[in-house]
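Quick notes on the structure that follows.
The values are calculated or read from the model by the stated rules, or taken from the named source; none is laboratory data. No experiment lies behind these values; they were computed from the predicted model shown. For neighbour counting, all protein chains shown are included, and Cβ atoms are generated from backbone atoms with ideal geometry for every residue, glycine included. These area figures cover heavy atoms from the full protein model, side chains too; ligands, DNA and RNA do not enter into them. Shrake-Rupley method; radii C 1.70, N 1.55, O 1.52, S 1.80 Å.
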Amino acid sequence: MKLRTILQGLPAERLIAIANAWQLPLPAGMDPSTPEGHNKLVEYLYPRMQATRYFRAAFAKLTPQQQDALRLLAVHGGELPLTELAIRCFDGDESLAEAELRQLAENGFICIESGEEPYAILPEGIFYHFEVGAHLSGFLGAILHKLPKANLLQIAEQIFGSKTKSLSREQLVRLLRRQLLDPDFLRQYIASLPHEEAQLLEILIEKNGYALYGDLLEARGRRRFDLTRTEQLNSLIGSRGLAYVVSRGTNKYADVVIIPRDILFILQHDYTPDMRTLRELDALGASATEFSPAVVYDNSHLVLRDLVLLANFIHTQDIRVLTTGGVSKSDLRRALVLLSSGKSLKYATFLVGYLLYAKFLIQVGQFWKVSDAFLEALENPAHIYSDLFTWWLEVNDWNEAIPDGIAWEEEQRTRGFLGLIEIRHRVLEALYATQRDRWISYAKFEEMLLPQVVAVLLASGDKWNEKLATQVGLRVLRAVITEPLSWLGLVVLGASEVDAFAEEQDEKEAKSSVSRSSRAAQKGELALRLSDLGQSLFQSGAIRPREAFHEMSVEEFPLQYSAEWFFVQPNMEIVAPPDLRLDKLYFLTSFCRVRNVDVMTSFELSRETLRAALDRGVHPEEILDFLNQHSRPAVPETVKRLISDCSEKHGEALLGLAGGYLVSDQPAVIEEVRANPKLAPFIREVIGDKGMVFVPDVDLSKLAKEMRAAGLMPRLETGTVQATRDGRYHISISPEDLLDLIGLIRLVRVLEDELDADITNQKAAALAQKLEPEGGAFFALRGTGEAIANVFEKRLLAALQKMRDQIEEKYKDQLSRLVAKSVAHRGPTRYHYRGQNPAVERKDIIALLKFAADYELEAEIQYVKRNENEVTLHIYPKSFEGNRIYAYCVESDQDSMYSLDRILRAKL
C-alpha cells in the first residue's frame, strides 16, 4: 500500500501525532485543519518518512517487540495477519499485540486493514528502509509479492481452479500464502503431484531446499537433456507454488531454485505449522546466542596505526623494489615485529598493496620511499580508511582465493577473478542485515551464505563446475571474513581457543601467510559480530550494501585520532595513546624503535635510533622541540642529554664535499703549488706527494689561470655537471639554484595533480627526494625552499585559471551562437517529461533525475545536509554511482556528490 495514500486518508490530528513521533517540527504558519493545510502536511511528511535518517531516529524509540514485528513483516513481504503476529512476536498475547500494533499504526509505521482476517501492512515507503539479508530471505510471502500477477494466477488456477481470475493481486498473494502454509492442505497437495514432480521436490528437500536448475535435471543419474524431466521441472517451478527461481544465472541451467523456507520447515518437521519468532528465524544470531569467547580479536583501533608503522619501516629501511613491483616476503617478515601482535604476513601484504595502489609509496632509485601525498593524507584518517576500504571492495588487486593475496614475486601477478567483487558485496549485505548486538556462529554464517557464493561463481562466466565452485567459494568466504573484514576492523572475531589469534610461534607458522583466525574458521571454532566501528559506519550510512563508501568528515569518523600528547619517561621509553594523531605517530616512529602496539603504543629512544634519524636529515633541534611540545610531563633530563650527546657526536668522522682536486705523477708539481702564496689559500688538504683537494667554494677557472701564470700547464675539468668513471654525474650548484630546481620539480607534481595525470610516472616526486640533501646543513633552508615552491605553485594555478577562464569565455560565446542557430530544433525540455514532476517518491525522484541527466536539464532538489539543515539546490545531474548522484551545483559552482536518500523532493 502506498504511503502517500495512507497519509492522505488520515485526519489532521493523526498526521500531527506522526510528525511528533518522528520528531519532525511542523513548518511555521501551517494550519492542518484546512484542506490546503492538510495537503501541505501530507506533502511535508511523505518525503521525510522515506528519508533514512528520520526513520532510524524514530525506529530507535520503539520497543524491542515492536521492532521485531516490523522486521518480521519485512521478512514476509510486508504484510501478515494480526493473529499470526500476536503468536510470533507477542507470545500469543492478543491484547498486548493489539495495543503495540495500534501504537505502530498511530505513529505511521504500519497500516491495519480490518476485515474478516485483519492484516498489518508495511507501507511501501516504510518497507524500503528494511534490508533483509540472505539469512532472512526466501520466505513464501516475500517471493509471492515479487511475482507478476500472471504467475500468481497460474499457481492459483492449479490449486483453486478458474474461480480466482477476478481477484486482485493482493488477494491472490494472501490466498496462496494462507493455503500453501496450511500443513493439512500441503500434505494432500504434495501427495497429488505427478511422480516425476514429487521426485524432483524430494531431491530439493534432500539438498536442504536449494539447488541449481541443471543439477536437478542431472540428479540421480539422469541426463540433462531429458525433455520429459525438463517439462516436469518447469511445471514444478512455474505452476505448483512449491519451488521458485530466485536467482538467474548466465543460462537457465545456472538458475538457483529453492523451496520457500517456511514451506521447507513444514516439510522437514512432519507438517508442523511454521510459527517461528524472528529470533528463531534469524539462524545467524540464534546460532551463537550463548557463545562466550575465550579470546576476542578486534583490529579497528590498530589498522591505521599499523599502516603508519609499516609505511615508516619501508621508508627508513631501504626496502628494495622487486623487478615485478611490490615488496619481498623477507622484508615484510622483518616488518611484522613492528606491527600489533598476532599479525600474519598476508596482513602486511594487504596494507602494502593499498600503499602502492594509492601511490603512497614511490620508487626512488632501487628503493621504496614514502611520498609527500601520504604525509598529507595522515591529517585525514577518515579519507585514508574510506580509500583503504574502497580499494579492497572495488579493486581486483587483492585476491582472497590465493594464499598470499597478491603474488608480487611471480612473473605475472594474479589478480582477482570475475565474481570476486560480487562475493564481497554479498558478504556485506549479509552483515548489514544481521542483529548487530549478538555473536554469529561462523559455521552458520558460512552455511547460509555459501549457496549465494556458489551461484555467483557459476554465473560469472568462468569455467566452473559445482564441486570446484563450492571449494573456491568456501575458501574465499572464509578469507573475506577472517582477513580483510577483520583487518579493517569492521568485524570482531571471537574464538573458543585462547591462542586462536596469538602470534605464530614455530617456524612453519611464521612463514605461513594464512592467519590463525582463518584456520580457526576451518575448524568451526569461530564466531563473529560487527565491531563498534562497523556498527557506526553502517548506522551513519557511510557503508551501505551495493554502494561506494560515503565520504565522512574527520569529525564524523568514529575513530578519532585527535590526541597530541604522549608520555616521555626517564628510561627512554615513550608511551603514546591509541588516538594519537597519525602524523605525530609517523614522526615519532622516525626517530624511535617500536616496542609494542596494543591499547597504547610504546617506543624506545636510543643512540642507534637517533643516529639513524640524524643520518636521514632529521635535525636534533626538531626532535627536541617535538618532544617538548607534545610530552605531557616535562621531557626528562636524561632524554635531553641523550639527544644533546648524539647531536654533538654526530659527524665525528666527516664525509663531505670538496671544491676540486689536483693530481700529478710529479711530486715537484704538488710541492710547487703548495708553496705558491697565491694558491695556498685554496688548498684544503695535501694528500701524499701526488695529490691535493681544494676548498668547496674554489673557482677552478681562476685557480687554473693562477697556475698558468706560475708556469704550470693544468688540464681543467670544468662545468656544473661532472662525469665520474662509473658513469654517474655530479652537479655543482649554489644552494639558491638547488632550491629553485627542487621547487621546479615539485611544480611538476602540482601540474600532475591539477591535470589528474601521472605524466612522469612518479619520477618527479622521486627526483625531488633525491635532490634534497641529507644532514643538518640543509635544515635552515627548508623554509625558504617551501616558500619558493609555493610561489611557483601560485603562479602556475593562476596561469591555469586564466587559461580556463579564456576557454570558458570562448566556448560560452560559441554556445550562445550555436543555441541561437538551433532554437527551431530544440531537444526535449522539462515539458516533455511524462513522469511525476515534482517527484517525492524515491523511484520517481530517480526517474526524474535520470531524465535530467540524459537531456542535460536543470533540476531543483530539496536536500537534507549532514548538519540536518534542509536546502534547495539547483543541479545538472551527470551520472549515478550506486545510491549517489554526481551533478553540477549552480549555487556552489562545482561538481558534487549527492545521496539519493537525502533528496526529499525533485522538480524539473
**Request:** Please identify every one of the trypsin sites (Lys or Arg not before Pro) in the range 1-35 that sits in a loop by DSSP and has no more than 14 other beta carbons within 10 Å of its own beta carbon.
**Result:** Lys2
**Message:** Per residue, how much accessible surface does the range 166-283 expose to a 1.4 Å probe? Answer in Å², no decimals.
**Reply:** 47
**Request:** Quick one: dipole size for the range 1-131, taken about the Cα centre, charges +1 on Lys/Arg Cβ and -1 on Asp/Glu Cβ, in debye to the nearest 20.
**Result:** 720
**Degrees separating the helix 420-432 axis from the principal Cα axis of the chain, which is the longest one** = 60
**Message:** Using the Karplus curve 6.51 cos²θ - 1.76 cosθ + 1.60 with θ = phi - 60°, what ³J(HN,Hα) values do you get for each residue of the range 123-129, in whole Hz, with x for Gly and Pro?
**Reply:** x, 4, x, 7, 4, 4, 6
**Request:** Place the peptides 697-707, 354-364 in order of packing, highest mean first, counting for every residue the other Cβ atoms within 10 Å and averaging per peptide.
**Result:** 354-364, 697-707
**Prompt:** Using modelled backbone amide H atoms (1.01 Å from N, in-plane), which distant-in-sequence or interchain residues come within less than 5 Å of Arg884's amide H?
**Reply:** Leu900
**Descending principal axes extents, the range 1-131, alpha-carbon based, whole Å** = 46, 31, 23
**Asked** For the range 847-908 and the range 170-248, what is the separation of their Cα centres, given in Å?
**Response** 46
**Item:** Rounded percent of accessible protein surface that carbon and sulfur make up, the range 1-131, 1.4 Å probe
**Value:** 52
**Request:** Pull out a ≥ b ≥ c, the square roots of the eigenvalues of the alpha-carbon gyration tensor of the range 658-711, then state rounded if a/c is under 1.5, prolate if not and a/b is larger than b/c, and oblate in the remaining case.
**Result:** oblate
**Prompt:** By how many nm would the segment from Ala709 to Gln666 lengthen if fully extended, with 0.36 nm per residue of separation less the alpha-carbon distance?
**Reply:** 13.6 nm
**Most positive-pole-ward Cα, Leu796, Val308, Tyr297, against dipole of the chain from beta carbon charges** = Leu796
**Fill in**
Residue-ordered couplings for the range 746-753, obtained by feeding phi - 60° into the Karplus form 6.51 cos²θ - 1.76 cosθ + 1.60 and rounding to whole Hz (Gly and Pro as x), are 5, 5, 4, 5, 4, 5, 5, 5
**Message:** To test your reading of the geometry: what angle, between 0 and 90 degrees and rounded to tens, separates the Cα axis of helix 227-239 from the longest principal axis of the chain?
**Reply:** 80
**Item:** Rounded FRET efficiency, nearest 0.05, which uses the C-beta distance separating Glu858 from Ala57 and R0 of 30 Å
**Value:** 0.40
**Request:** Would you work out the charge dipole size for the chain about its Cα centre, treating the Cβ of every Lys and Arg as +1 and the Cβ of every Asp and Glu as -1, and quote it to the nearest 20 debye?
**Result:** 1940
**Prompt:** Just in the range 631-701: which trypsin sites (Lys or Arg not before Pro) are loop by DSSP and have at most 13 other Cβ atoms within 10 Å?
**Reply:** Lys678
**Prompt:** Per residue, how much accessible area does the range 565-647 show when a 1.4 Å probe rolls over the protein heavy atoms, in square angstrom?
**Reply:** 44
**Request:** Please tell me which of these pairs span more than 24 angstrom C-alpha to C-alpha: Lys165/Lys207; Lys812/Lys865; Lys812/Lys878; Lys329/Lys444; Lys763/Lys794?
**Result:** Lys165/Lys207; Lys812/Lys865; Lys329/Lys444
**Asked** In nm, to one decimal, how far is the modelled label at Ser292 from the one at Asn761, with both set 7 Å along Cα→Cβ?
**Response** 6.2
**Fill in**
Rounded to the nearest 500, the 222 nm mean residue ellipticity computed for the chain from DSSP H runs (n ≥ 4, each -39500 (n - 2.57)) alone is -14500 deg cm²/dmol
**Message:** How large a share of the accessible area of the range 614-712, in percent, is made up of carbon and sulfur atoms when the probe is 1.4 Å and the other protein chains stay in place?
**Reply:** 52
**Fraction of antiparallel bridges per DSSP, the chain only, in percent to nearest 5** = 95
**Message:** As an exercise, identify the trypsin sites (Lys or Arg not before Pro) in the range 46-90 lying in DSSP coil whose Cβ has no more than 15 other Cβ atoms within 10 Å.
**Reply:** Lys61
**Item:** Nearest-ten-degree value, helix 12-21 long axis tilted from longest Cα axis of the chain
**Value:** 40
**Prompt:** What accessible area per residue comes out for the range 1-131, rounded to a whole number of Å², with a 1.4 Å probe?
**Reply:** 44
**Filter on Lys146/Lys850; Lys346/Lys770; Lys149/Lys252 - keep pairs with C-alpha separation over 26 Å** = Lys346/Lys770
